[in-house]
Amino acid sequence: MSTAAETWWAILGIGATGIVTRCSFLVFGERLVLPAAVERALRLAPAAALAATVAPSVVMADASPLGALLSPRLIAAVVAAAVMWKSRQMIWSMAAGIAVYTGIRLLLAA
């Protein structure tokens, strides 16, 4: 099979998977009852997706271990996590992280 055909089969397979998983809730409606543990796990899915997206750019900021520890991204992420833990408000967590990251970057540029 050629590379182009494999690519198209992959695109069609991924598209079909997405459609089937999203439409299953419309088709089954309230007849589909998920266990409580699955519902709790699904509530955490957005936070897990965000962490999986952000974490590589935070911890892989520099090639050296010491550089990664002193990276503005890691410092801002730690501050944002602390604000989130204390306030439980996402907007304040984001604002604190952005403010710390911007402040460090401006200080390093000067």
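The values are calculated or read from the model by the stated rules, or taken from the named source; none is laboratory data. It should be emphasised that the depicted structure is a prediction, and the values quoted were computed from it without experimental measurement. Because the Cβ atoms are built from the backbone with ideal geometry, glycine has one as well, and the counts that use them run over all protein chains shown. Just the protein is used for accessible areas: all its heavy atoms, side chains included, with ligands, DNA and RNA removed. Shrake-Rupley method; radii C 1.70, N 1.55, O 1.52, S 1.80 Å.
So Val59 ticks every box in (1) open to solvent by less than 80 Å² (accessible area, probe 1.4 Å); (2) modelled with pLDDT under 85 but one. Which box is left unticked?
Only one criterion in (1) open to solvent by less than 80 Å² (accessible area, probe 1.4 Å); (2) modelled with pLDDT under 85 is unmet by Val59, namely (1).
Does the range 31-50 include one or more residues that are open to solvent by 70 Å² or more (accessible area, probe 1.4 Å) and either touching a residue at least 12 places away in the same chain (Cβ under 8 Å) or small (Gly, Ala, Ser) (or both)?
Within the range 31-50, not a single residue is open to solvent by 70 Å² or more (accessible area, probe 1.4 Å) and either touching a residue at least 12 places away in the same chain (Cβ under 8 Å) or small (Gly, Ala, Ser) (or both).
Take Thr53 and decide whether it is loosely packed, with under 10 Cβ neighbours inside 10 Å, under 20 Å from the mean Cα position of the chain (by Cα) and polar (S, T, N, Q).
yes
Looking for something under 20 Å from Leu50 (Cβ atoms) and at pLDDT below 90 - is there at least one such residue anywhere in the range 90-97?
yes
Please pick out the residue among Trp9, Trp85 that is closer than 30 Å to Leu106 by Cβ, open to solvent by 90 Å² or more (accessible area, probe 1.4 Å) and assigned to a helix (DSSP H, G or I).
Only one candidate passes the filter, namely Trp85.
Inside the range 88-110, can you point out the residues that are surrounded by fewer than 13 Cβ atoms within 10 Å (Cβ to Cβ) and within 17 Å of Ala47 (Cα to Cα)?
Arg88, Gln89, Ile91
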